[in-house]
1. What's the exposure ranking of B:Glu66, B:Glu215, B:Glu359, going from fewest to most Cβ atoms within 10 Å?
2. Which parts of region B:440-475 would a label at B:Glu264 reach, counting a residue when its backbone N lies under 11 Å from a point 7 Å out along Cα-to-Cβ?
3. At B:Tyr11 and A:Asn17, where each label point lies 7 Å from the Cα along Cα→Cβ, what is the point-to-point distance in nanometres?
4. For region B:205-350, calculate the relative contact order in percent as a whole number, restricting contacts to Cα pairs under 8 Å that are 6 or more residues apart.
5. Of all DSSP beta bridges in chain A, what percent run antiparallel (nearest 5)?
6. Could you tally the net charge around A:Tyr105, taking each other residue with its Cβ under 12 Å from the Cβ of A:Tyr105, Lys/Arg +1 and Asp/Glu -1?
7. Considering amide H positions built from the backbone, and no H for Pro or chain starts, which residues 5 or more places from B:Gln494, or on another chain, come under 5 Å of its amide H?
8. Is it possible to state the helix-based mean residue ellipticity at 222 nm for the protein assembly as shown, with each DSSP H run of 4+ residues giving -39500 (n - 2.57), the sum divided by total residues, to the nearest 500 deg cm²/dmol? What is it?
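FYI, it's all coordinate maths here, none of it is from the lab. What you see is a predicted model, and the numbers here were worked out from it, not measured in a lab. Using ideal geometry, Cβ is built from the backbone for each residue, glycine included, and neighbour counts are taken over all protein chains shown.
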Amino acid sequence: MTYVRPTFRHPDLPKNNINFTKKDYEGALSTLCAGCGHDSISGAIAQACFELSVEPHRIAKLSGIGCSSKTPAYFLGNSHGFNTVHGRMPSVATGAYLANRDLLYFGVSGDGDSASIGMGQFVHAIRRNLNMVYLVMNNGCYGLTKGQDSATADNGSKSKAGSVNPFNAIDLVGLSMELGATFVARSFSGDKAQLIPLIKAAIKHPGFAFIDVISPCVTFNNNVGSTKSYDYVREHIEATSTVDFVPIMEEITADYEDGKEITLHDGSALQLQKLHQGWNPEDKLSAMIALQNAKDKGEILTGLVYIDPNTNALHDVLQTTQTPLNILKEDILCPGIDALEALNESLR
Amino acid sequence: MEPTNVHDPEYYHKVVDCQYACPAHTPVPEYIRLIAAEKYTEAYMVNWESNVFPGVLGRTCDRPCEPACRRGRVDEEPVAICRLKRVAADNKGDITHLLPKIPIKGNGKRIALIGAGPASLTVARDLAPLGYEIHVFDEQIKGGGMMRSQIPSFRLPESVLDEEVNNILNLGIHQHFKTYVSSLNSVLDDGYDAVFIGTGAPRGRDLSNLPGRAEGQANIHVGIEWLASVAFEHTKQIGKKVIVLGGGNTAMDCCRTSRRLGGEEVKVVVRSPFSEMRASPWEKEDAQHEDIPILDNHVPVSFVSENGKLKGMTFEKVHAVYDEKGKRSLVPTGEPHAFIEADNVLVAIGQENYFPWIERDLGIEFDKWEMPSVNSLTFQSTNEKVFFGGDAALGPKNVITAVAQGHSAAVSIDLYCQGKSLDVRPNPFTNLVSQKMGIHEWSYDSIVTNDDRFVVPQAEKVLTLKDRKKEVELGFDKLVGFKEAERCLNCDIQTVFTENRCIECDACMDVCPTDCITFTTNGTEEDLRTRLMAPSLRLAQDLLVSDTLAATGRVMVKDEDVCLHCGLCAERCPTSAWDMQKFFYNTTKAHHGCGQH
Ligand SMILES: Cc1cc2nc3c(=O)[nH]c(=O)nc-3n(C[C@H](O)[C@H](O)[C@H](O)COP(=O)(O)OP(=O)(O)OC[C@H]3O[C@@H](n4cnc5c(N)ncnc54)[C@H](O)[C@@H]3O)c2cc1C
Ligand SMILES: Cc1ncc(C[n+]2csc(CCOP(=O)(O)OP(=O)(O)O)c2C)c(N)n1
Ligand code: SF4
Ligand code: SF4
Ligand code: SF4
Ligand SMILES: [Mg+2]
């Protein structure tokens, strides 16, 4: 048994603004199948957090059950993490977010975890607009339980054993837009150039940011006839635009005649080029039409799909305290009998 | 970039930094693994095949492999390659049955070797098994050349040297010791088919024109002559106060030897700044450890004698100034001259070649520095029968260079004696074999250990300074040798990429601990190096570039620079597009004949 990751790293690794190298954003060595798309997404998440100079201890990773939900063990080893029961990540995320609004919440889920057992939870997290990144590693199957079709498997997609899926797929991207998510994107595990800037923008987005990442399962769903295999996805992929994330204070150098720049809430920007015909990421209707058109043509539309940079997340809606509960002092948490009586009085 | 041609044996050879840097191209990781497996005899023979004197070199090699070692780029210090060689030599079993057999019937060719240093002995070893009748001539009483006359016994015990020299002389070599060759012409007249000249660079430089030199004569010695006279026991003591002039390894041997022959206040005085001295860092450390101060930036002005007896020397103090081109000049500081007392002065400021015994009408061209013109690949001179090697060929270097040149010259002599062209050199022997045993299992220790380089223990100073023959270094014991061996990254276990298997899942790129692997669009080398996962600053390290990949039209680019050869890329690849394969490379020696191993 010789499966151990050496501790040596490249001697000239660059440092980010807070003096960390990529090593500080790594997790344990993955135990997923070799070649799993999920691992590539883990790498992209770590890279995005490194590039954004997020302090690892300011991040909380949340997940459910599945190979995808295991991945938080394989990135951001210095961050907080909560592995919930199957499909229940949104509830734990809601509680954590309400208790401590200062952390950056990164939810990782699977298509089974979100579109089947956790569907009821998933839709309410969107409806409530938690300020979090919600990333689904979408392989069209239940990887951890040996590859049964999931609810995102396309109608007509063939399983490794040869059976054809007779049901229509739930499209999590369309669904989240319908439910009012203000940041919606789709990507592919094999396209880090697109995925990393999308993750960075999602982190910067002040409300619920949803990314559906198609992530081939090499062991159970990478066969000929599957619509979630590496080959099929590469052949059918179509991008809304190229995406570039530009941090705050950095000058935008490229010219973007056929493009668009979207300023994010904190002043950083998304620079989009080669825009898909008729599509405007800030116009929900055009985004829905683009999605439907792609679907009709059998294309997989990736990239940023829809964004509304000015959104009111749950804390703003509820006007809760700015201070995380764990550092609220007793005198504020427990204002005394007079305050209680005044409250009761106001309700009479 | 064009796809890398991995069928060129030099491509993978270059990845094995240590072996590539070794003048004799010793398969270093191969013998290090054998040491880890406690196969000391086999490890010794892998060395013996390439460098002929593993016991000697395991103690004294200049070790050009170590600054090149990949481990030194990811860790504080390289693998102790040289001292591991000694572990093999110290612990080996009987090797007599492994030595080459000499054919009963010779091939009828007679070769004369002049000088019995490492260069000549290598030629002898390579040619004797082919049936050549070898005659070796040396003015000394025994073989070994400067390994015997110069390298002091406290660094290289005589028994170790004798054993390795005799292993060669016992291959039926005709020995003519105590025989100074005073005429090359007469050797040629004896009808040898070829003559090899391995006479070294025997003349030490002196400061003949420095004021006071003649008056102090009785107490001033040229370093290498003095060391030889100590080695052959003509000189047994020296004064209490000794100045050693010079900053090279000879100076270090002179000062340390002086400490053992009665020198109490021994000082090394050198013109250049300390950091620019030619001596190896470890030699300087060992000298300082023996309480020998090194005074730098002191230029000799005169020897001072009183009543015919040497009293000391005066020096001018200087400092180094560099012009825009980085050229150094030593500029006086203006301080008063320094006087340093001395009973003896040893002048160790360099050696030169000296060929008074080669007649200049034999067709051997000499240049204006009186150096023979020698082909640096074939080692043939302008007289086709006469070959040079070692310090005699291209000026003073070291033992391992002498050995490497001996191998090349032997190949040339063999080709020459068969009437073949010397320019068609035999190809190296190479072999590439997968190391995969199963899932997570490789036939080499792929785990990278975190140990720092182990320090070689030394005998106590009070003991070693009393006896010039007491070896200072004790060598690693077996356990420490094992741990040091485990520091080796197995750079010969190559990452072999097969593009048509790759599905571009990125797994290898993500898992690689040192960010060696990048999938990107192709470009020129200069451009690609700016777009890799990690900075690609060491341009001497190659990029492995794949053919265009089917799915995306990109290429796979691997920077070989800091690959740990951990095999994780191959572990994580779902399609075995990566495989770990052992690359064995051995330069072909004359005794291999047509190139089979
Ligand atoms: C003080 C000192 C310390 C050194 N330490 C090291 C070390 O630690 N590691 C290292 O790698 N290298 C070291 N070297 C260098 C190394 O010893 C030489 O580079 C190496 O020995 C050269 O080998 P060679 O075969 O070319 O010749 P040599 O070893 O010089 O042998 C030449 C032989 O030829 C004989 N000879 C010369 N002329 C004639 C003639 N006309 N007739 C008959 N015989 C003749 C000489 O007696 C001598 O035996 C050291 C050198 C010196 C001076
Ligand atoms: C309550 C509950 N029901 C069922 C399971 C069995 N189970 C484990 S993982 C999984 C599906 C995971 O699929 P997905 O979320 O797509 O993750 P993947 O492994 O494909 O990444 C199921 C059904 C469970 N662990 N808990
Ligand atoms: S790590 Fe081992 S194989 Fe690699 S250069 Fe160093 S000694 Fe040679
Ligand atoms: S063997 Fe592979 S994974 Fe390991 S350092 Fe080299 S390229 Fe990277
Ligand atoms: S792990 Fe294998 S298949 Fe995946 S990108 Fe690397 S070489 Fe290609
Ligand atoms: Mg799944």
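1. Numbers: B:Glu66 23, B:Glu215 17, B:Glu359 14.
By the 10 Å Cβ count, ascending, the order reads B:Glu359, B:Glu215, B:Glu66.
2. none
3. 4.3
4. Values: 319 pairs, mean separation 46.5, N = 146.
Here the relative contact order equals 32 percent.
5. Details: 17 of 47 bridges.
Around 35 percent of the beta bridges assigned by DSSP in chain A are antiparallel ones.
6. Details: positive: A:Arg58, A:Lys61, A:Arg101; negative: A:Asp102.
Once all neighbours under 12 Å are counted, the net charge is +2.
7. Here B:Gln581, B:Lys582, B:Phe583 satisfy the definition.
8. Details: 34 runs with 277 residues, N = 945.
Only helices count here, giving -8000 deg cm²/dmol.
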